[in-house]
Amino acid sequence: MYINARVMELVDIQDLKSWGSNAVPVQLRPRVHAPGDRDVTGIPLIDSHCHLDMVIERGLGVEEITRCLEENNVGTIVEIGADKQAMLWARTLAHTAKRFDVYYTIGHHPGEAATEDSEFGLNFIEENSSDSRFVAVGEIGLDYYYHAEQAEAQKKVFIEFVRAARRSGRGIAIHTRDAHADTFAILREEAKDIPILIHCFTGTKTEMEDFLSLGAYISFSGIVTFKNATSLQEAAIACPLERIMVETDAPFLAPVPQRGKINQPGYVKHTLDFLATLRSENVATLAFAAFGNTKAFYRINN
Ligand SMILES: [Zn+2]
């Protein structure tokens, strides 16, 4: 329903194995450096979900983050503004970053359900609805792992943000943990006509199929690279190519072989490589599809 037909057509018609830098469609090139000059696959990558403010807070320097992005050919990132400070920071970053393309979201993390920041977020969505760098409402959703006692408040805030997303013409990036049934029920009721992304998907294949039935995109983070993540890996193998996305959710949960380190957007390459092997897919095919799906969901056109 929300497939970017043009991107999928490009996947079909390109001979992916013979891609050189010249074969990469111009509109998908990152703004600054030429694809192929640092990375053997030559495919520009995107981190579809990260918290760069927290990466920096945890001690990584901007130079180090930038170097890692360049080494891994990551030219575009989506910065998540899921509380008051983060959304202000994300908007500033999106409008001032020079070496990379940065887009941002506005949302309300379910862990913050009971705080007054939700009003601020709803107003911020209104206020920025004509900003083309503001690309989705999120992350929003339900988290019963940490905050089951706030379930009712979480549901109320979640629904308010879904409705705000519809008014502003944006898709929704969903956080869900130990709350599959309620998340699915609310999405089915409230979000049929809105592009949906399940961020940092950690569920089972069956749960994934529920979300796919709503036309959702499914985004995999470094968790899928962990040895014990077998049921998640089973879902990742079954995820249709035209629905798959990849993210770091940095600074959390760095992928193997960087596990235990502070995660950063450049590490999205490791998760992508892992997924390609897991799915017995050409890494270029997967990278190109994930890039196209991310742009389609966020409606990024450059
Ligand atoms: Zn996140």
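With the requirement that a residue be in contact (Cβ under 8 Å) with a residue 40 or more places away in the chain and either touching a Leu at 6+ places or on another chain (Cβ under 7 Å) or of a type in the set (S, T, N, Q) (or both), what does segment 86-101 give you? Answer for segment 86-101, where residues must be in contact (Cβ under 8 Å) with a residue 40 or more places away in the chain and either touching a Leu at 6+ places or on another chain (Cβ under 7 Å) or of a type in the set (S, T, N, Q) (or both): Leu93, Phe100.
Pairs meeting the criteria (first residue in segment 198-216 and under 17 Å from Ala290 (Cβ atoms), second residue within 16 Å of the ligand (Cβ to nearest atom) and acidic (Asp, Glu), beta carbons under 6 Å, at least 6 apart or on different chains) are His199/Glu139; Cys200/Asp249.
Screening Glu112 against (1) in contact with a Ser or Thr (Cβ under 9 Å, 6 or more places away or on another chain); (2) under 26 Å from Phe291 (Cβ atoms); (3) surrounded by fewer than 24 Cβ atoms within 10 Å (Cβ to Cβ) leaves a single unmet condition, (2). Beta carbons closer than 7 Å, at least 6 apart along the sequence or on distinct chains, pair a first residue in segment 230-251 that is touching a residue at least 40 places away in the same chain (Cβ under 8 Å) with a second that is in a helix (DSSP H, G or I) and surrounded by fewer than 21 Cβ atoms within 10 Å (Cβ to Cβ) for Gln233/Leu278; Ala236/Leu278; Ile237/Leu278; Glu242/Met8; Arg243/Leu212; Pro251/Met54. Would you confirm, using the coordinates I've provided, whether Ala254 is more than 16 Å from the ligand (Cβ to nearest atom), touching a Lys or Arg at 6+ places or on another chain (Cβ under 7 Å) and either under 23 Å from Phe274 (Cα atoms) or at pLDDT below 95 (or both)? No; evaluated as a whole, the condition is false for this residue. Would you please name the residue that is farthest from Ile198 (Cα to Cα), looking only at residues in segment 115-137 that are at pLDDT below 95 and buried (at least 20 other Cβ atoms within 10 Å of the Cβ)? Among residues in segment 115-137 that are at pLDDT below 95 and buried (at least 20 other Cβ atoms within 10 Å of the Cβ), the one farthest from Ile198 (Cα to Cα) is Asp117.
Would you confirm whether or not segment 33-40 contains a residue that is touching a helix residue (DSSP H, G or I) at 6+ places or on another chain (Cβ under 6 Å), outside any loop (DSSP other than H, G, I, E, B) and either crowded, with 18+ Cβ neighbours inside 10 Å or modelled with pLDDT under 95 (or both)? No. If Tyr217 passes every condition in (1) within 16 Å of the ligand (Cβ to nearest atom); (2) at positive phi; (3) touching a strand residue (DSSP E or B) at 6+ places or on another chain (Cβ under 8 Å); (4) not charged (D, E, K, R) but one, which one does it miss? The one condition Tyr217 does not meet is (2). Would you pick out the residues in segment 226-253 that are among the hydrophobic types (A, V, I, L, M, F, W, C) and closer than 25 Å to Asn282 by Cβ? Residues satisfying the conditions are Phe226, Ala229, Leu232, Ala235, Ala236, Ile237, Ala238, Cys239, Leu241, Ile244, Met245, Val246. Within segment 110-141, the set of residues being touching a residue at least 24 places away in the same chain (Cβ under 8 Å), of a type outside the set (S, T, N, Q) and more than 16 Å from the ligand (Cβ to nearest atom) comprises Ala114, Phe120, Leu122, Phe124, Ile125, Glu126, Asp131, Arg133, Phe134.
The values are calculated or read from the model by the stated rules, or taken from the named source; none is laboratory data. Because the structure is a prediction, the values reported are computed rather than measured. Ideal geometry is used to build each Cβ from the backbone, glycine not excepted, and the neighbour counts take in all protein chains shown.
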